[in-house]
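In what follows, a single structure is set out as structure tokens and then discussed.
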Amino acid sequence: MDKCCNKYDIVVMGLKMPVMNGVQASSIIKTKMLIGEIPETLIVALTAELLKPKDLEELYVESGFSDCIFEPTTKESFIKLLRKHNVIL
């Protein structure tokens, strides 16, 4: 398989999707990154869960996400997340 030529700065991954959930999709992407099939990319979980954000953030990072953001979100909180990971605006 040819290596991917596309480079994305960020993937915002919904967690509840049909067919494959966000944790499964993130795992596949991370595996492809580890074997060099695709470039390193920031993967952010997008969730509307009602649990404490700090507990969920730790859970998602342990699941392979780079970070997480909670719905509803604001432009300011999204920009803060991008700056935290040095994504150029």
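The values are calculated or read from the model by the stated rules, or taken from the named source; none is laboratory data. On a predicted model such as this, the values are computed, not experimentally measured, just so you know. Glycine gets a Cβ as well: all are built from the backbone with ideal geometry, and neighbour counts include every protein chain shown.
Quick one: is residue 73 among the hydroxyl-bearing types (Ser, Thr, Tyr), part of a loop (DSSP other than H, G, I, E, B) and either at negative phi or surrounded by 17 or more Cβ atoms within 10 Å (Cβ to Cβ) (or both)? Before the answer, list the steps.
Working: among the hydroxyl-bearing types (Ser, Thr, Tyr): yes; part of a loop (DSSP other than H, G, I, E, B): yes; either at negative phi or surrounded by 17 or more Cβ atoms within 10 Å (Cβ to Cβ) (or both): yes.
When the stated conditions are applied, residue 73 passes them.
Say whether the condition of being outside any helix (DSSP H, G or I), closer than 19 Å to residue 7 by Cα and at pLDDT 85 or above is met by at least one residue in segment 22-30.
No.
Restricting to segment 50-70, and then to whatever is at pLDDT 85 or above and in a loop (DSSP other than H, G, I, E, B), can you tell me which residue is surrounded by the most Cβ atoms within 10 Å (Cβ to Cβ)?
Only one residue fits best here, namely 65.
Identify the residue in segment 4-39 that is among the hydroxyl-bearing types (Ser, Thr, Tyr) and touching a residue at least 24 places away in the same chain (Cβ under 8 Å) and, among all such residues, is farthest from residue 67 (Cα to Cα).
Kept after step one, since they are among the hydroxyl-bearing types (Ser, Thr, Tyr), are these residues of segment 4-39: 8, 26-27, 31.
Add one more test, that the residue is touching a residue at least 24 places away in the same chain (Cβ under 8 Å), and what stays is 8, 26-27.
Values: 8: 16, 26: 12, 27: 14 Å.
Ranking the qualifying residues of segment 4-39, first place goes to 8.
Evaluate the following for residue 13: is it among the aliphatic types (A, V, I, L, M) and modelled with pLDDT under 90?
It is false that residue 13 is among the aliphatic types (A, V, I, L, M) and modelled with pLDDT under 90.
I'm checking my understanding of the structure. Among residues of segment 31-49 that are closer than 21 Å to residue 78 by Cβ and part of a loop (DSSP other than H, G, I, E, B), which one is modelled with the lowest pLDDT?
Within segment 31-49, the subset closer than 21 Å to residue 78 by Cβ is 40-49.
This time we only want the ones that are part of a loop (DSSP other than H, G, I, E, B), so: 40-41, 48-49.
Numbers: 40: 89, 41: 89, 48: 80, 49: 72.
Here the answer is 49.
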